[in-house]
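Structure first, then comments.
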Amino acid sequence: MNMEKKNIDWANLGFGYIQTDKRFVSNFKDGKWDDGIMTEDSQVVISECAGVLQYAQTIFEGLKAYTTEDGRVVCFRPDLNASRLADSARRLEMPVFPEDRFVDAVVETVKANIGYVPPYGSGATLYIRPYMFGSNPVIGVKPADEYQFRIFCTPVGPYFKGGAKPITIKVSDFDRAAPHGTGHIKAGLNYAMSLHAIVTAHKEGFDENMYLDAATRTKVEETGGANFLFVTKDGKIVTPKSDSILPSITRRSLMVVAKDILGLEVEEREVYFDEVKDFAECGLCGTAAVISPVGKIYDHGNEICFPSGMDSMGPVTKKLYDTLTGIQMGRIEGPEGWIKVIE
């Protein structure tokens, strides 16, 4: 399978949608999923009364395919995306797309668009977006009976052009998720409600929001699209534990890297906002950037400045970042099963 590389200016790609050749589509009807097809048609056609349009019954995932140093095209831990999508589906009363079929469909979609996988060293990757939504007419408030599962992909540039400069975030006045709500799943509605908060933060000159727990507003939860990771002054990695934050695959992987590869002490626990000023480093973890370093947190007139500063990633964060990206790029041997080879 040697589809020629597309004629794309890989070095200057942004983080946006570029239509590729093929996408995977499977429909759920009469209680079962069909076999699914690869199609060139990028349009979604649904009823005006589709469940997703009326009651936001939609979930999604995000992962990447990239070219390793030795020229292979791989994905990183797609089995975890499969199980997280299954958890999201159960919470929103949607049928689970079988996890083994999810991984196979990811592989097939990447293979069908192999010419769009950026070359090694370009910093660019192929972003893969699996998603599912209620497709049949629903007018009473209830789950849909029919669903569509789709996967498309699009080449994207590096999240940070010219290296990861530390960002400035603010403590948000909005809540991201209710204590027994949907914060722990990847539902479109969680992101819809964060849009006003992020637009507000950007207008005020900040890069992101720090959300505190909705019940007491004393504990750190996450940002609009990433989990927090803190480093204590004595080099321990601490991440917030809460039932209403999304279990980031990047964050979970970084914790394994920290403990098993770098031999660092790691702790997942409730983190009180009062403690944040005492940490040495802070980062946000997610698929897009792996780790975004945080230099400053603005809290209603008070500034918390991390010792790692506003110029570059802190030393421990950098070591974590280099190790995980090294595993992803095939330069470092990672735990078994982390790298799924496409071809």
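Might you let me know whether the stretch 146-154 holds any residue that is β-branched (Val, Ile, Thr), surrounded by 19 or more Cβ atoms within 10 Å (Cβ to Cβ), closer than 22 Å to GLU61 by Cα and modelled with pLDDT of 95 or more? Within the stretch 146-154, one or more residues are β-branched (Val, Ile, Thr), surrounded by 19 or more Cβ atoms within 10 Å (Cβ to Cβ), closer than 22 Å to GLU61 by Cα and modelled with pLDDT of 95 or more. Reported count of residues in the stretch 49-75, each being in contact with a strand residue (DSSP E or B) (Cβ under 9 Å, 6 or more places away or on another chain) and free of Cβ contacts under 8 Å to residues at least 60 places away in the same chain, is 2. Listed conditions (1) assigned to a helix (DSSP H, G or I); (2) within 19 Å of the chain's Cα centre (by Cα); (3) surrounded by fewer than 17 Cβ atoms within 10 Å (Cβ to Cβ) are all met by TYR159, apart from (1). Of all residues in the stretch 243-272, those that are without any contact (Cβ under 8 Å) to a residue 40 or more places away in the chain, over 19 Å from GLN328 (Cβ atoms) and not charged (D, E, K, R) total 2. Considering the stretch 108-125, and only residues there that are hydroxyl-bearing (Ser, Thr, Tyr) and in a helix (DSSP H, G or I), the residue that is most open to solvent (accessible area, probe 1.4 Å) turns out to be TYR116. Residues of the stretch 268-281 include at least one that is open to solvent by 10 Å² or more (accessible area, probe 1.4 Å) and within 30 Å of VAL106 (Cβ to Cβ).
The condition of being more than 17 Å from the chain's Cα centre (by Cα) and without any contact (Cβ under 8 Å) to a residue 24 or more places away in the chain holds for only one of VAL231, VAL199, that being VAL199. With respect to the conditions (1) out of contact with any Asp or Glu (no Cβ under 6 Å at 6 or more places or on another chain); (2) farther than 22 Å from ARG72 by Cβ; (3) touching a residue at least 60 places away in the same chain (Cβ under 8 Å); (4) of a type in the set (Ser, Thr, Tyr), THR287 falls short on a single one, namely (2). Quick check on the stretch 76-84. Is at least one of its residues open to solvent by less than 20 Å² (accessible area, probe 1.4 Å), of a type in the set (A, V, I, L, M), in contact with a helix residue (DSSP H, G or I) (Cβ under 6 Å, 6 or more places away or on another chain) and in contact (Cβ under 8 Å) with a residue 40 or more places away in the chain? No, every residue in the stretch 76-84 fails to be open to solvent by less than 20 Å² (accessible area, probe 1.4 Å), of a type in the set (A, V, I, L, M), in contact with a helix residue (DSSP H, G or I) (Cβ under 6 Å, 6 or more places away or on another chain) and in contact (Cβ under 8 Å) with a residue 40 or more places away in the chain. The set of residues in the stretch 46-75 being within 16 Å of ARG331 (Cβ to Cβ), in a loop (DSSP other than H, G, I, E, B) and out of contact with any helix residue (DSSP H, G or I) (no Cβ under 9 Å at 6 or more places or on another chain) consists of GLU69, ASP70, GLY71, ARG72. Checking each residue in the stretch 3-28 for being open to solvent by 90 Å² or more (accessible area, probe 1.4 Å), farther than 22 Å from GLY188 by Cα and touching a residue at least 24 places away in the same chain (Cβ under 8 Å) picks out GLU4, LYS5, ASN12. Scanning the stretch 333-343 for residues that are in a loop (DSSP other than H, G, I, E, B), open to solvent by 30 Å² or more (accessible area, probe 1.4 Å) and either among the hydroxyl-bearing types (Ser, Thr, Tyr) or in contact (Cβ under 8 Å) with a residue 40 or more places away in the chain (or both) turns up PRO335, GLY337, GLU343. Of the strands (runs of 3 or more DSSP E) lying entirely inside the stretch 222-323, the ones with 2 or more residues being under 23 Å from GLY183 (Cα atoms) and out of contact with any helix residue (DSSP H, G or I) (no Cβ under 8 Å at 6 or more places or on another chain) are found at 237-240, 266-269, 290-299. Please go through the stretch 291-314 and give me each residue that is out of contact with any Pro (no Cβ under 9 Å at 6 or more places or on another chain) and open to solvent by 10 Å² or more (accessible area, probe 1.4 Å), ordered by number. If the condition is that a residue be out of contact with any Pro (no Cβ under 9 Å at 6 or more places or on another chain) and open to solvent by 10 Å² or more (accessible area, probe 1.4 Å), then TYR298, ASP299, HIS300, GLY301, ASN302, GLU303, ILE304, CYS305, PRO307 are the ones that fit.
The values are calculated or read from the model by the stated rules, or taken from the named source; none is laboratory data. As the structure is a computational prediction, the values presented were derived from the model and not from experiment. Using ideal geometry, Cβ is built from the backbone for each residue, glycine included, and neighbour counts are taken over all protein chains shown. Remember, those area values only see protein heavy atoms, side chains included, never the ligands or the DNA or RNA. Shrake-Rupley method; radii C 1.70, N 1.55, O 1.52, S 1.80 Å.
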